[in-house]
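First the structure, in the form of structure tokens, and then the observations on it.
The values are calculated or read from the model by the stated rules, or taken from the named source; none is laboratory data. Not measured: the values here are computed from a predicted model. Methodologically, a virtual Cβ is constructed for each residue, glycine included, from the backbone with ideal geometry; neighbour enumeration extends over all protein chains shown. Only protein heavy atoms, including side chains, enter the accessible area calculation; ligands, DNA and RNA are left aside. Shrake-Rupley method; radii C 1.70, N 1.55, O 1.52, S 1.80 Å.
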Amino acid sequence: MKNKTTDLRMKTIILFGLVLGALSAADKVYITDVGGKVTLQCGVSSFKHMVEWNRDDTRIIRVQRNGLSSKGETPFKDRTKSLKDTDIEISKIQESDSGTFTCVADGSRNEHLLIVVSVSVVPSGTLKVGADATLECKTNPGVSLQPKPNVEWQKPDGSVETKPKVELKHVASSDKGTWTCLVSHEGETFTKSVTINVEEHVETTTPPTIVENSKSSNLGNGENSTGGVRGFGHPIMLLGLVWWIWVAIGAGGLVVIILIIVIIVVHKRNRRKKKKFLRMQKAQLSQKPKKYCQCVRQTAAAKPRQGRRREKPSALPLQPLLQK
């Protein structure tokens, strides 16, 4: 009797769970990734009075037939806009945007489920051989689901890992390539791919070969027109020239600059020496006693004698007055 009662209870619980699952099942499932955008379709193409969108009983937007609309206080209200009267678009998707969305149009109620996928690779960038890495494809439906979304990883070789997180221990060159995350739920599928780059260490014990008198211009193989080193991979290219050409140009320019500086310094030095020599010569001249030129004057020549002057006749002696 107890076993029958127990079986009846178990059947009732199972039936009740199935009924709840059927009632809570979404009309449509949307799957998108973080940073993308999604268009949610109401399920009806038109309405007579009003259409309203809600997320977990919180109003997102309400549109009336006369064109008036109002938004509720949701974290993504600034990223939501109305499309085609009954549809809405949410951009720049975040993980917290996931959940159950309800569209009510003239009493017709339709529920939809938004699942947000987040794909990550740690560490990011180029991986080294022998390092560890983790690939994770995380799904956030915003509600508890039974069954949960199915997540798989497809490797570069085509094989599949049936788990959301893949841990790579001692990364090998075979791990390089495209890894694809596949998410599926109730007939809807979503894929997101990431590329893994693996840096291989090439060790060589043979000495480099010096190429002489080579006419090949294939710099990608480590050869050049003046000779080069082979076996060290591709040379570094800067603006279409090999790195050592830029080094030579820089060294030549440096030599020219040094020569110009030396010439300027020597010229200035010679000018200073010349000025100093002139100052010393002038100082020596100023210390010597001054010598004055003593000229011997010639005596003045005698004036030539002029013609003989006529002598004035001497005055006659005064005669006494004749007395009368």
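Things to note:
- Taken one residue at a time, the phi angles of the stretch 145-152 give Karplus couplings (6.51, -1.76, 1.60, θ = phi - 60°) of 10, 9, x, 6, x, 8, 10, 9 Hz. Gly and Pro are set to x.
- Carbon plus sulfur fraction of accessible area for the stretch 100-169, probe 1.4 Å, in percent: 45
- Separation of the stretch 118-180 from the stretch 48-94 is 35 Å, based on Cα centroids.
- 5 angstrom amide H check on Thr134, placed H, neighbours 5+ away: Val122, Leu168
- Surface calculation, 1.4 Å probe, protein heavy atoms: Arg279 sits at approximately 150 Å² accessible.
- Karplus-based coupling profile of the stretch 37-51, in residue order and whole Hz: 9, 9, 10, 9, 9, 5, x, 10, 8, 8, 8, 9, 10, 7, 10, with θ = phi - 60° in 6.51 cos²θ - 1.76 cosθ + 1.60 and x standing for Gly or Pro.
- Greater than 29 Å apart at Cα, pairs in Lys92/Lys163; Lys71/Lys192; Lys77/Lys192; Lys81/Lys163; Lys81/Lys138: Lys71/Lys192; Lys81/Lys163
- For a label point 7 Å along the Cα-to-beta-carbon line of Asp57, residues of the stretch 141-162 with backbone N under 16 Å: 143-144
- Once the C-beta distance of Lys138 and Arg109 is scaled by a Förster radius of 25 Å, the resulting FRET efficiency is 0.25 to the nearest 0.05.
- Long-range amide H partners of Gly36 with built H, under 5 Å: Ile93
- Computed extension gain for Val265 through Ser120, at 0.36 nm per residue and net of the alpha carbon distance, reaches 45.9 nm.
- Cut-off under 5 Å, modelled amide H: who pairs with Ile115 long-range: Tyr30, Ile31, Thr32
- Heavy-atom accessible area order for Ile263, Ile90, largest first, 1.4 Å probe: Ile263, Ile90
- Residues of the stretch 40-107: accessible area per residue with a 1.4 Å probe, Å²: 55
- Extension gain (nm, one decimal) between Ser193 and Lys37, 0.36 nm per residue minus Cα-Cα: 54.4 nm
- At R0 = 35 Å, FRET efficiency that the Cβ-Cβ distance of Met50 and Lys148 yields, to 0.05: 0.50
- Computed over the stretch 65-206: relative contact order in percent, which uses C-alpha pairs under 8 Å that are six or more apart: 18
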